[in-house]
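One structure is given below, encoded as structure tokens.
The values are calculated or read from the model by the stated rules, or taken from the named source; none is laboratory data. Since the structure is predicted, the reported quantities are computational estimates derived from the model, not experimental observations. FYI the Cβ positions are ideal-geometry reconstructions off the backbone, even for glycines, and counts take in every protein chain you see.
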Amino acid sequence: MTDENAFITVFRSGDPSAEADATAARECLIQAGIQAILLDDDEPGMIEGTWEVRVAPSDRTRAEAILETGPAEPEDESEVPPEGLSHDLDFVSLFGSQANGAEMEAVMIQSILESNGIPCVVVGSAQYPSLGFEVRVPKSRLEEAVALVESARQSGATVEGESA
């Protein structure tokens, strides 16, 4: 089974045609000999209504170039990937810490964000706490997330180790 967390997102869309666009992008990459996986919002951490195509880190540059230029001769107009990638949906780090209690802080931040409608992902494992914990949010929602965490801090909540 492929570990999709070891792969890098090269295509993401939340458009009404996201499923078809992502499927076409994946097929384009497969035809170029690049292993690509397709993920939808059923996957943990995915924003509702989005579809992604991920590739191995070593294939990232080539995959992005292929998706940017599209296939040389598309069989069907519906198989051409969209013109650009939606980087506003890329997840960026809001919080990161290796300190004792980092997992609790990450879960607290996750709770604050989710209760305010901001999707987020906690990265880390209780089995390997020395690797630390991180909370990621969509790039387009980073400022709002930072403001919410700051507001929580000022109201008395403890949030340390932020790396916005």
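A compact table of results
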{"read-out": "Top-ranked residue in region 25-47 [being assigned to a helix (DSSP H, G or I) and in contact with a helix residue (DSSP H, G or I) (Cβ under 7 Å, 6 or more places away or on another chain); ranked as surrounded by the most Cβ atoms within 10 Å (Cβ to Cβ)]", "value": "Ala25"}
{"read-out": "Subset of region 102-133 (residues that are surrounded by 12 or more Cβ atoms within 10 Å (Cβ to Cβ), outside any helix (DSSP H, G or I), small (Gly, Ala, Ser) and modelled with pLDDT of 90 or more)", "value": "none"}
{"read-out": "Matching residues in region 9-23 - criterion: being over 24 Å from Glu134 (Cα atoms) and crowded, with 24+ Cβ neighbours inside 10 Å", "value": "Ala22"}
{"read-out": "Among the candidates Ile8, Ile37, residue that is modelled with pLDDT of 90 or more, β-branched (Val, Ile, Thr) and within 28 Å of Gly117 (Cα to Cα)", "value": "Ile37"}
{"read-out": "In region 48-67, the residues that are of a type in the set (A, V, I, L, M, F, W, C) and surrounded by fewer than 18 Cβ atoms within 10 Å (Cβ to Cβ)", "value": "Ala56, Ala65"}
{"read-out": "Residue within region 71-82 that is under 30 Å from Ser130 (Cβ atoms) and modelled with pLDDT under 90 present", "value": "no"}
{"read-out": "Sole exception among (1) touching a strand residue (DSSP E or B) at 6+ places or on another chain (Cβ under 8 Å); (2) modelled with pLDDT of 85 or more; (3) not in a strand (DSSP E or B) for Ala65, by number", "value": "(1)"}
{"read-out": "Any pair with Cβ under 8 angstrom, 6 or more apart, that starts in region 130-142 at a residue that is among the acidic types (Asp, Glu) and ends at one that is buried (at least 22 other Cβ atoms within 10 Å of the Cβ) and assigned to a strand (DSSP E or B)", "value": "Glu134/Phe95"}
{"read-out": "Lone qualifier among Ser151, Ser140 - being modelled with pLDDT of 75 or more and either within 18 Å of Ala6 (Cα to Cα) or in contact with a helix residue (DSSP H, G or I) (Cβ under 6 Å, 6 or more places away or on another chain) (or both)", "value": "Ser140"}
{"read-out": "Ser97 vs. criteria within 20 Å of the chain's Cα centre (by Cα), surrounded by 14 or more Cβ atoms within 10 Å (Cβ to Cβ), modelled with pLDDT under 90 and not assigned by TED's automatic domain parsing to the domain that holds Arg12", "value": "yes"}
